[in-house]
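Just below is one structure, and these are the notes that go with it.
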Amino acid sequence: MNLRIDENQVAFSIVSELKSINEKLDRIIDVLERLSGSYTLMERRNLKFGRVLDVLTLLSLPDNLRKTAMAMCKLNEATADQIAEETGRKRAVESSLLNQLARMGYLRKKRVGRKVYFYLK
Amino acid sequence: MKVKREKVISINSLRGGTGKSLIAINLAFLFAKKGLNVSILDLDFRAPTLYTLFEGELQEYTTNDFLNNKCSIEDVLVDVSGKYKLKGRLFVGLADPSLEAIHDMINKDSKWEMRALQRLLSLKSTIRSLGLDYIIYDTSPGILYSSINAAASSDIPILVSTVDNADIAGTRRMIKEIYSALEKKVFVLLNKFVSREPLSESGWNVIIRRFENTLKSRVIGIIPCFCDVLEVGYQYIFALNRPEHPFVKNLEAVAERINSIK
């Protein structure tokens, strides 16, 4: 029997597998951070009390973080995928920057099903 | 087919008295006269100006209320196109001129300012739903939360400056430290320019290039200083009452350049 592979279907399946891998990686990073107690005293303080992402704070951030932070201001709550779509950068880059902003206390993280959402306090 | 612009223009300056509000109002009227749909919002909460011109239009809700999340932007906007017989639609959103409101806005904390920025960013979707071509923000001069929020949420940030050394140096610093950091391509409008002799077109171009080199930004226009414009102030609208005045002609050229921005 001659089986014809639908290229679109294959591409769709690869993208969906990659998304699933990304979500798993997010969960692993999250668990590792908690287990290793890798937060510094300042980071723990930031996480507890939070910091505000106003426009003057935005201006004080390094360029790469500012772009992500600005996109968060626009979307208010978003996954790394949605921020990547907004900034035009890679999802992995945005995931790392969002986690950095969360460690600095500017964002909070929550898990809804398999997805990690970042949001402004 | 009508070209969709759907852009937010912020008009800011380093110092007060550069003619920012007068330019914002007249630009809004020029766009509406041409058939475009425009909204002008007063975001100068320390010294609200637009209510002077539209005193009879002061609504229950103001731009202060919109940023305080007490109402939608539609509650703030008043359609004045019928009153002025404009081809397009012109909506105005006034700031609360009361002392109490000014005091309230001065004392806002950084968390409120963060939410205010988000409210302004959300206006991008309002442009579409209201069928607007432009929203124009008239902001407070200087480096204040409200003016930087306006710049950060705009597509076409315009800095109005006079040509005195202090103003040019400060404007250059603002472009470098604020607008570049926000990745905004800023346009400078030089106002109240005094020339000892009439200039030819090439003479104007030489002056524009000189300021563009100094400011490292595009100069979108130079408007000469006109005593009668300063004298009239907000008594009437130059764009409507004195359409042949060189102040209006210069602004028309600026409006055309804004329209050509992609």
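Close Cβ contacts (under 6 Å, 6 or more residues apart or on different chains) running from residues in the stretch B:180-192 that are within 14 Å of chain A (Cβ to nearest Cβ) to residues that are buried (at least 17 other Cβ atoms within 10 Å of the Cβ) and of a type outside the set (Asp, Glu) comprise B:Leu182/B:Ala152; B:Lys184/B:Pro157. Within the stretch B:108-121, is there a residue that is away from chain A (no Cβ under 13 Å) and either assigned to a helix (DSSP H, G or I) or within 20 Å of the chain's Cα centre (by Cα) (or both)? Checked against the condition, which is being away from chain A (no Cβ under 13 Å) and either assigned to a helix (DSSP H, G or I) or within 20 Å of the chain's Cα centre (by Cα) (or both), the stretch B:108-121 yields no hits at all. Of all residues in the stretch A:62-95, those being touching a Lys or Arg at 6+ places or on another chain (Cβ under 9 Å) and facing another protein chain (nearest Cβ under 10 Å) number 2. For the stretch B:193-204, residues that are part of a loop (DSSP other than H, G, I, E, B) and either within 14 Å of another protein chain (Cβ to nearest Cβ) or surrounded by 15 or more Cβ atoms within 10 Å (Cβ to Cβ) (or both) total 1.
Being within 25 Å of B:Ser13 (Cβ to Cβ), within 14 Å of chain A (Cβ to nearest Cβ) and surrounded by 16 or more Cβ atoms within 10 Å (Cβ to Cβ) is not true of B:Lys33.
The numbered conditions (1) farther than 22 Å from B:Glu256 by Cβ; (2) touching a Cys at 6+ places or on another chain (Cβ under 7 Å) are all true for B:Thr162 except (2).
On inspection, B:Ile168 fails the criterion of being surrounded by 15 or more Cβ atoms within 10 Å (Cβ to Cβ), within 20 Å of B:Tyr137 (Cβ to Cβ) and not small (Gly, Ala, Ser). Looking only at the stretch B:123-140, decide whether some residue is farther than 22 Å from B:Ile222 by Cβ, without any contact (Cβ under 8 Å) to a residue 24 or more places away in the chain and within 14 Å of another protein chain (Cβ to nearest Cβ). The answer is yes, given that some residue of the stretch B:123-140 is farther than 22 Å from B:Ile222 by Cβ, without any contact (Cβ under 8 Å) to a residue 24 or more places away in the chain and within 14 Å of another protein chain (Cβ to nearest Cβ).
Looking across the stretch B:199-225, just one residue is farther than 22 Å from B:Ile261 by Cα and in contact with a Ser or Thr (Cβ under 7 Å, 6 or more places away or on another chain), and that is B:Pro224. The C-beta contact set for the stretch B:236-248 (first residue assigned to a helix (DSSP H, G or I) and at pLDDT 90 or above, second residue surrounded by fewer than 20 Cβ atoms within 10 Å (Cβ to Cβ) and hydroxyl-bearing (Ser, Thr, Tyr), distance under 7 angstrom, 6+ apart or interchain) comprises B:Leu240/B:Tyr84.
Within the stretch B:89-105, being within 19 Å of B:Leu130 (Cα to Cα) and touching a helix residue (DSSP H, G or I) at 6+ places or on another chain (Cβ under 8 Å) holds for B:Arg89, B:Leu90, B:Val92, B:Gly93, B:Leu94. Among the residues of the stretch B:51-88, those identified as surrounded by 15 or more Cβ atoms within 10 Å (Cβ to Cβ), out of contact with any helix residue (DSSP H, G or I) (no Cβ under 7 Å at 6 or more places or on another chain) and farther than 27 Å from B:Lys111 by Cα are B:Tyr51, B:Phe54, B:Glu57. Looking only at residues in the stretch B:64-82 that are touching a strand residue (DSSP E or B) at 6+ places or on another chain (Cβ under 9 Å) and part of a loop (DSSP other than H, G, I, E, B), the one that is nearest to B:Ser147 (Cα to Cα) is B:Leu77. In the stretch B:88-107 there is no residue that is in a loop (DSSP other than H, G, I, E, B), within 11 Å of another protein chain (Cβ to nearest Cβ), over 12 Å from B:Asn68 (Cα atoms) and without any contact (Cβ under 8 Å) to a residue 12 or more places away in the chain. Residue count for the stretch B:141-162 satisfying the condition of being surrounded by fewer than 24 Cβ atoms within 10 Å (Cβ to Cβ) and either more than 9 Å from chain A (Cβ to nearest Cβ) or in a loop (DSSP other than H, G, I, E, B) (or both): 7. For the stretch A:87-96, the condition holds for no residue, the condition being that it is in contact (Cβ under 8 Å) with a residue 40 or more places away in the chain and touching a Cys at 6+ places or on another chain (Cβ under 9 Å).
Identify all residues within the stretch B:39-63 that are of a type in the set (Asp, Glu) and in a helix (DSSP H, G or I); write none if there are none. Matches in the stretch B:39-63: B:Glu55, B:Glu57.
May I ask you to verify whether B:Glu177 is surrounded by fewer than 17 Cβ atoms within 10 Å (Cβ to Cβ), modelled with pLDDT under 95 and not in a helix (DSSP H, G or I)? Against the criterion (surrounded by fewer than 17 Cβ atoms within 10 Å (Cβ to Cβ), modelled with pLDDT under 95 and not in a helix (DSSP H, G or I)), B:Glu177 does not qualify.
The values are calculated or read from the model by the stated rules, or taken from the named source; none is laboratory data. Predicted model only: the values in this text are computed from it and were never measured. Cβ sites come from the backbone with ideal geometry, for glycine too, and all protein chains shown count toward neighbours.
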